[in-house]
Amino acid sequence: MAAAAVSTASSAAVTNKSHLSSSLDKPFSSPSQKLLSLAAKTLPKPYHHHHRTLITAASKNPLTDVVSSKPNPDGRSFDSYFDDDDKPREECGVVGIYGDSEASRLCYLALHALQHRGQEGAGIVCVNDNVLKSITGVGLVSDVFSESKLDQLPGDLAIGHVRYSTAGSSMLKNVQPFVASYRFGSVGVAHNGNLVNYKQLRGELEENGSIFNTSSDTEVVLHLIAISKARPFLLRIVEACEKIEGAYSMVFATEDKLVAVRDPYGFRPLVMGRRSNGAVVFASETCALDLIEATYEREVLPGEVVVVDKEGVQSICLMPHPERKSCIFEHIYFALPNSVVFGRSVYESRRAFGEILATEAPVECDVVIAVPDSGVVAALGYAAKAGVPFQQGLIRSHYVGRTFIEPSQKIRDFGVKLKLSPVRAVLEGKRVVVVDDSIVRGTTSSKIVRLLKEAGAKEVHMRIASPPIIASCYYGVDTPSAEELISNRMSVEEIREYIGSDSLAFLPIESLNKLLGSDSKSYCYACFSGNYPVEPTGKVKRIGDFMDDGLSGDMDSIDGGWLPGSSKVQKKTILNEVRTS
């Protein structure tokens, strides 16, 4: 029966295997002989450019606009309780547009579509008459940009970025895209991912005289480009990328080119589309293409560099790449359900996850509900497979801001109640299955179970549409240290007791692999196994550490966020215990 469910789910999954088209009009060459021609298309000629001056205009949003709420008695701010504290978080989203006279406005709209990937800061760099101009700010896209600010960003080439960070207020100087001048011109970059050899590279650059203005690993890339002696500019990017390790999906803007790069493992997503007027668009997800009416063409391949200029679209291979290891959590949690990520429909993936849970972890129940919004599609799949009605048992408030006033008399589960409200008419006297996408620390899950029971649920059965998370991520996802992950230190039964549910089941990793079929080896499961495709060495900066937020301090003084204390053998033992529990 389980095999049948997996087969059904697998056939429902959408796979889009777009291929590269014709060969290059002008193939590139490299001294290292690592550049492989892949494709070329022609675009309308852009405006003529004359100047080489760099102008940067920052947003006037003061950091005081982002006010931290006062801490809870347990030492954590109430923000954390309603801001998806118990979830892994994506660092950011990127977009690039070439060949449209309204590039900055389209970039603004595309960033709106990618807002779920980062809410702490946003920025756009546009190119007009060979001038790179930047506007960045702290807050949501709609807070940073206005009609008047977009009027300051004319031109037919633009890149944009939305940023997420976890610790304190995001510092304005760390909000991307970054813009820098070097001896041959100017370049802007927006980066999604995380470099695992950031500290080593930064140390080497500083020893050679480089001066850093931010604490972001992205700035390392700009320095590597600036010191490169390769010509033309494209080869500078290639040379820089040959030195960095980890996850990077990046878009670069120069005075006349838009360049998109993806790391050889393809950890983070990056797609390419085209508008009806011929404008080329790159974005982290296809939902951004849909909003600005760009037709999805294909992924930027792992290890690929795509260059767009007046000659058209030209593609080269950055370096020989190993077996791809795309982030499975894009399908579990990060991406919007209406996106196609890594050639597969996110909606169909999540629905199939729910179907597998209903088949392999069934329970007698009266109603299926979801933890909104990320658990909804999996809950629909569970309900359909189980033949049980799906209902909205939890209503999410979309009007909770970044700050709020704590009542003087402490209210239990205050932060969760602000965000999620139980529907008594759905829950009272019912045996309830509640579907969520993941459990990280377990704190929010325990509060949700308590909310449901206080609303009259007779039984609460938790179903998690992902395997247990036992290890930290170092490839652009903010996760706690391994010691904080509840699945790293408790069995499934111990977690069930901790959160107070009547039963608990996770998505079996074997079933996940069966669903993905021949694509299963192309995904990264490091957070479920502790086996890293690119093994972090030494101390690795974790997203959200204060160095990433622009605060002063030495990396050696940061506590946490480093390599897990347990060995690979211990982690495998933990994983096997979780599987067999």
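The values are calculated or read from the model by the stated rules, or taken from the named source; none is laboratory data. Source: prediction; values computed, not measured. Here the Cβ is made from the backbone with ideal geometry for all residues, glycine too, and neighbour counts use every protein chain on show. To get the accessible areas, we keep the full protein, side chains included, count just its heavy atoms, and leave off ligands, DNA and RNA. Shrake-Rupley method; radii C 1.70, N 1.55, O 1.52, S 1.80 Å.
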### Message
With the requirement that a residue be open to solvent by less than 20 Å² (accessible area, probe 1.4 Å), over 19 Å from the mean Cα position of the chain (by Cα) and closer than 23 Å to residue 163 by Cα, what does the stretch 199-218 give you?
### Response
201, 214, 215
### Query
Failed condition for residue 277, given (1) touching a residue at least 60 places away in the same chain (Cβ under 8 Å); (2) within 17 Å of the chain's Cα centre (by Cα), with all others met?
(2)
## Note on the structure
Among the residues of the stretch 489-507, the number that are open to solvent by 40 Å² or more (accessible area, probe 1.4 Å) and out of contact with any Asp or Glu (no Cβ under 6 Å at 6 or more places or on another chain) is 7
#### Entry: Subset of the stretch 325-357 (residues that are closer than 22 Å to residue 478 by Cβ, open to solvent by 30 Å² or more (accessible area, probe 1.4 Å) and not in a helix (DSSP H, G or I))
325, 336, 337
### Task
Spot the failing condition for residue 224; the list is (1) touching a strand residue (DSSP E or B) at 6+ places or on another chain (Cβ under 9 Å); (2) crowded, with 17+ Cβ neighbours inside 10 Å, and only one is missed.
(1)
### Query
Given the structure, is residue 387 surrounded by fewer than 19 Cβ atoms within 10 Å (Cβ to Cβ) and of a type in the set (Gly, Ala, Ser)?
yes
### Task
Look at the stretch 473-510 and say how many of its residues are part of a strand (DSSP E or B), of a type outside the set (Gly, Ala, Ser) and at pLDDT 95 or above.
2
### Query
Which residues, counting only those in the stretch 209-228, are at pLDDT below 85 and not β-branched (Val, Ile, Thr)?
209, 210, 213, 215, 216, 217
### Task
Report, ordered by the first and then the second residue, all pairs with beta carbons closer than 6 Å, sequence separation of six or more or different chains, a first member in the stretch 111-123 that is part of a loop (DSSP other than H, G, I, E, B), and a second member that is aliphatic (A, V, I, L, M).
114/162; 114/288; 118/162; 119/140
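I'd like to check something: does the stretch 179-194 contain any residue that is more than 25 Å from residue 256 (Cβ to Cβ), in contact (Cβ under 8 Å) with a residue 40 or more places away in the chain and in a loop (DSSP other than H, G, I, E, B)?
No - not one qualifying residue is present in the stretch 179-194.
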### Task
Pull up the stretch 426-466, narrow it to residues that are among the charged types (D, E, K, R) and part of a helix (DSSP H, G or I), then point me to the one that is farthest from residue 371 (Cα to Cα).
454
### Task
Report, by residue number, each residue of the stretch 452-468 that is more than 13 Å from residue 504 (Cα to Cα), of a type outside the set (Gly, Ala, Ser) and surrounded by fewer than 21 Cβ atoms within 10 Å (Cβ to Cβ).
453, 454, 458
#### Entry: Lone qualifier among 251, 238 - being within 20 Å of the chain's Cα centre (by Cα), open to solvent by less than 40 Å² (accessible area, probe 1.4 Å) and closer than 25 Å to residue 314 by Cα
251
### Query
Can you tell me how many residues in the stretch 418-457 are among the charged types (D, E, K, R) and either touching a residue at least 60 places away in the same chain (Cβ under 8 Å) or in contact with a helix residue (DSSP H, G or I) (Cβ under 7 Å, 6 or more places away or on another chain) (or both)?
7
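Yes/no matrix, rows are residues, columns are (1) within 23 Å of residue 103 (Cβ to Cβ); (2) open to solvent by 10 Å² or more (accessible area, probe 1.4 Å); (3) part of a loop (DSSP other than H, G, I, E, B); (4) not polar (S, T, N, Q):
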| site | (1), (2), (3), (4) |
| --- | --- |
| 273 | yes, no, no, yes |
| 278 | yes, yes, yes, yes |
| 288 | yes, no, no, yes |
| 296 | yes, yes, no, yes |
| 301 | no, yes, yes, yes |
| 307 | yes, no, no, yes |
| 313 | yes, no, no, yes |
| 316 | no, no, no, yes |
| 323 | no, yes, yes, yes |
### Task
For the stretch 186-198, indicate whether the set of residues that are more than 21 Å from residue 249 (Cβ to Cβ), open to solvent by 10 Å² or more (accessible area, probe 1.4 Å) and not charged (D, E, K, R) is non-empty.
no
### Message
Taking the conditions exactly as written (out of contact with any Leu (no Cβ under 9 Å at 6 or more places or on another chain) and modelled with pLDDT under 95), does residue 204 satisfy them or not?
### Response
yes
### Query
How about the stretch 189-247: which of its residues are of a type in the set (A, V, I, L, M) and in contact with a His (Cβ under 6 Å, 6 or more places away or on another chain)?
190, 205
#### Entry: Selection count where residues are open to solvent by less than 10 Å² (accessible area, probe 1.4 Å) and without any contact (Cβ under 8 Å) to a residue 60 or more places away in the chain, scope the stretch 358-376
0
### Query
Within the bounds of the stretch 469-488, is there any residue that is open to solvent by 40 Å² or more (accessible area, probe 1.4 Å) and either in contact with a helix residue (DSSP H, G or I) (Cβ under 6 Å, 6 or more places away or on another chain) or among the charged types (D, E, K, R) (or both)?
yes
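For the structure I just gave you, tell me whether residue 274 is more than 27 Å from residue 331 (Cα to Cα) and not aliphatic (A, V, I, L, M).
The answer is no for residue 274.
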